[in-house]
Amino acid sequence: MAAIVKALEDEGLDYALCGGVALAVHGIPRATKDIDILVPPSAVERVRAVARSCGFKFDALPMTFRSSGISVRRFAKLIEGQPLMLDVLVADSVLQEVWERRERVEWQEGRLSVVSVDGLVTMKLAAARPQDLADVERLRELQDG
């Protein structure tokens, strides 16, 4: 994860970590098999180039989840024979408010951009898979302090 974040930062690209990695940044560690980032529509092709420079050679066609309307570009690479996925979620009209509330924070690798706790709740409720709903419970506990 550090390599892709550094590459995005070095390129001056707007992004926000989301998904399981964002949970960890907000203090809720959870195992995750991928890296999820949110980007504005205008940055998708530049992010694709950065992903390729970081070794993400497998590039799937864009997809849109019917249940939420969220658009995603998926990239993958192999690390010691195991796939690592990079899901690039597009901050179009469905995720515009989440994008606008992203935050810059200090974390292990320095400063980075991350979706806010409220934004994560919104995204996870839209996905509504069992793990997402469990994450929402933990996020709400964090909000309630």
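The values are calculated or read from the model by the stated rules, or taken from the named source; none is laboratory data. None of the values given here were measured: they were computed from a predicted structure. Here the Cβ positions follow ideal geometry from the backbone for every residue, glycine too, while neighbour counts run over all protein chains shown.
Details
- When Ala16, Ala60, Ala3, Ala24 are checked against the criterion of being touching a Leu at 6+ places or on another chain (Cβ under 7 Å) and either among the small types (Gly, Ala, Ser) or modelled with pLDDT under 95 (or both), a single residue qualifies: Ala16.
- Selection count, region 120-141, where residues are surrounded by 12 or more Cβ atoms within 10 Å (Cβ to Cβ), of a type in the set (Gly, Ala, Ser) and farther than 17 Å from Thr32 by Cβ: 1
- Test: Ile35 is assigned to a strand (DSSP E or B) and closer than 27 Å to Glu137 by Cβ: yes
- Number of the condition not met by Ala51 [criteria: (1) assigned to a helix (DSSP H, G or I); (2) within 15 Å of the chain's Cα centre (by Cα); (3) closer than 17 Å to Trp99 by Cα]: (3)
- Restricting region 112-138 to residues that are free of Cβ contacts under 8 Å to residues at least 60 places away in the same chain and charged (D, E, K, R), the residue that is farthest from Gly69 (Cα to Cα): Glu137
Rundown of residues vs (1) among the hydrophobic types (A, V, I, L, M, F, W, C); (2) in a helix (DSSP H, G or I); (3) in contact with a Phe, Trp or Tyr (Cβ under 6 Å, 6 or more places away or on another chain), yes/no style:
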| site | (1), (2), (3) |
| --- | --- |
| Leu84 | yes, no, no |
| Asp87 | no, no, no |
| Trp99 | yes, yes, no |
| Leu112 | yes, no, no |
| Asp118 | no, yes, no |
| Leu125 | yes, yes, no |
| Asp135 | no, yes, no |
| Leu139 | yes, yes, no |
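- Scan of region 70-90 for residues that are touching a Lys or Arg at 6+ places or on another chain (Cβ under 9 Å) and aliphatic (A, V, I, L, M), ordered by number: Ala76, Leu78, Leu84, Met85, Leu86, Val88, Leu89, Val90
- Total residues in region 60-89 satisfying the condition of being among the acidic types (Asp, Glu) and buried (at least 17 other Cβ atoms within 10 Å of the Cβ): the figure is 1.
- Output for region 94-111, where each listed residue is farther than 18 Å from Ile70 by Cα and of a type outside the set (Phe, Trp, Tyr): Glu103, Arg104, Val105, Glu106, Gln108, Glu109, Gly110, Arg111
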